[in-house]
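Some notes on the structure that comes next.
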Amino acid sequence: MKIVLSGFYGLGNTGDEAILKAIVDNLREDLDNPDITVFSLSPEQTAKEYGVKSVYRGWRHGNKEKVKALRQADLLISGGGGLLQDTYPTKFLFGPLPYYLLIVFLAKLCGTKVMFFSQGIGPVTSKWGKFLMRLFANMADFVTVRDQYSKDYLLSLGVKRPETVVTADIVFAFKPDEDHVAYASLGLKGDERLVAVAPRPWFDHEDEYIEKLAWVLDELIEQRGVMPVFVPMEPPYDTNVSKKVMAKMRFADKTRLLGESFTPNEFYNFIAKTDLTIALRLHALIFAALSNVPHIGLSYDQKVESFLKRSGMWDKSFPLGEFEKETLLANALYALDHSDELKAMMAPNVDVLRSEAKRNVSLLKDRFNTGGK
């Protein structure tokens, strides 16, 4: 089976690279020798890292190669992740939303079937974005989404033609290899209580949440002797925010900042060694859940809240713009002091999410693995 993958690949975002690894690994496990081509901003790097064919994803060049790959493919997988949204400006045919939908349109022109795969939908707020969704998203042959909110949101946008099934984020089917490179890079003694911190820039609340988070981390250092370690899931943006948090701290010398060059697998293995994860980044929280590490999310988007409700940790988490530092501290202290209780609560929830994530590929196999277009 020949498959083309379209997503936010080759741009250095750890969450999206984790999505790509999970999709590729699970396709290879469940399908008979699939022929995989990835549209990537860094095609040579993507081809080398994942053992796939790769074509430049942008429109500046490589368009003949994209058309050729789609003509030869049995299926275009669009996803996973939060591709279909217009949080970033959408002008006519420029921006993330038009790009991914135009790839879908191009696939259909080439006679190729299309699956939106393990996607989180929205927000789509512009009139133009909503029009593009009604026009192009209805061309998909089948859709899986990672939460019920996304399914409901698709319907509200008028995307009603393709069958849509709720599963889970494909990263819950992530297949880690044991690797301690990221942990070893810190030169620790081995007896530290580690708190992974995965911030990100955000437009409306960045300065406010940075000050609150810095205060909370100082208190955790003082009261529980932890070592916060910042995990930059999307460098250099997350690195810059991490440094801003550290600049506000009294005990910044008792923190660490991981380097920017680690793979999703290496970040996963680091988070698995921590006692608590505090994050805005969705896939840092998912890595924590997969490792049965208690986690507290600061939700800047519905996708983060939806995940935390499914993992069981939403009652310890907060909307990004609506939390008090004292309450975040209290919840973090509770998570550190009642780790076994929280792990026992999370484990069955994560088992369900892992099973639902694998179902993305089972559904693909049932509907499309027929040996041709």
Response to the item:
Checked the range 45-77 for anything surrounded by 16 or more Cβ atoms within 10 Å (Cβ to Cβ), among the basic types (Lys, Arg) and closer than 19 Å to Asn13 by Cα; matches are Arg57
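One line per residue, one yes/no per condition, for (1) touching a strand residue (DSSP E or B) at 6+ places or on another chain (Cβ under 8 Å); (2) open to solvent by 70 Å² or more (accessible area, probe 1.4 Å); (3) on the phi < 0 side of the Ramachandran plot:
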residue: Leu333; (1), (2), (3): no, no, yes
residue: Leu342; (1), (2), (3): no, no, yes
residue: Val352; (1), (2), (3): no, yes, yes
residue: Lys358; (1), (2), (3): no, yes, yes
residue: Leu363; (1), (2), (3): yes, no, yes
Item to complete: Working carefully through the options Ala47, Ala22, Ala69, find the one that is farther than 21 Å from Leu282 by Cβ and touching a residue at least 24 places away in the same chain (Cβ under 8 Å).
Response: Ala69
Worksheet item: Can you pull out the residues in the range 238-268 that are open to solvent by 60 Å² or more (accessible area, probe 1.4 Å), of a type outside the set (A, V, I, L, M, F, W, C) and modelled with pLDDT of 95 or more?
Response: Asn240, Lys243, Lys244, Lys248, Arg250, Asp253, Lys254, Arg256
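Filter the range 300-316 for residues that are within 26 Å of Gly225 (Cα to Cα) and under 18 Å from the mean Cα position of the chain (by Cα); which is least open to solvent (accessible area, probe 1.4 Å)?
Result: Met313.
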Worksheet, complete the sentence: From the option list Val165, Val159, Val143, single residue qualifying as of a type in the set (A, V, I, L, M) and either surrounded by fewer than 20 Cβ atoms within 10 Å (Cβ to Cβ) or under 17 Å from Val350 (Cα atoms) (or both) is Val165
Worksheet item: Within the bounds of the range 302-311, is there any residue that is within 22 Å of Ala347 (Cβ to Cβ) and outside any helix (DSSP H, G or I)?
Response: no
Fill in: Single match in Leu5, Leu27, Leu11, Leu20 (criterion: of a type in the set (A, V, I, L, M) and in contact with a Gly (Cβ under 7 Å, 6 or more places away or on another chain))
Leu20
Worksheet item: Does Phe270 count as over 17 Å from Arg200 (Cβ atoms) and hydrophobic (A, V, I, L, M, F, W, C)?
Response: yes
Response to the item:
Filtering the range 107-136 down to residues that are touching a Pro at 6+ places or on another chain (Cβ under 8 Å) and closer than 27 Å to Ile286 by Cα yields Phe116
Discussion item. Of all residues being touching a residue at least 24 places away in the same chain (Cβ under 8 Å) and farther than 13 Å from Ser6 by Cβ in the range 30-39, which is most open to solvent (accessible area, probe 1.4 Å)? Just the residue, please.
Written reply: Asp32
Worksheet item: In this structure, does Phe8 turn out to be in contact (Cβ under 8 Å) with a residue 60 or more places away in the chain, open to solvent by 20 Å² or more (accessible area, probe 1.4 Å), within 23 Å of Val145 (Cβ to Cβ) and of a type in the set (Phe, Trp, Tyr)?
Response: yes
Worksheet, complete the sentence: Output for Cβ contacts, cut-off 7 Å, separation at least six or different chains, first residue over 18 Å from Trp314 (Cβ atoms) in the range 331-344, second open to solvent by 70 Å² or more (accessible area, probe 1.4 Å) and among the acidic types (Asp, Glu), reads none
Worksheet entry | Matching residues in the range 312-350 - criterion: being among the small types (Gly, Ala, Ser) and part of a loop (DSSP other than H, G, I, E, B) | Gly312, Ser317, Gly321
Worksheet item: Hey, among the residues in the range 146-156 that are closer than 25 Å to Leu20 by Cβ and of a type outside the set (S, T, N, Q), which one's most open to solvent (accessible area, probe 1.4 Å)?
Response: Tyr149
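The values are calculated or read from the model by the stated rules, or taken from the named source; none is laboratory data. Being a predicted model, the structure only gives us computed values, none of them experimental. In this analysis, Cβ positions are derived from the backbone assuming ideal geometry, glycine residues included, and neighbour counts consider all displayed protein chains. Only protein heavy atoms, including side chains, enter the accessible area calculation; ligands, DNA and RNA are left aside. Shrake-Rupley method; radii C 1.70, N 1.55, O 1.52, S 1.80 Å.
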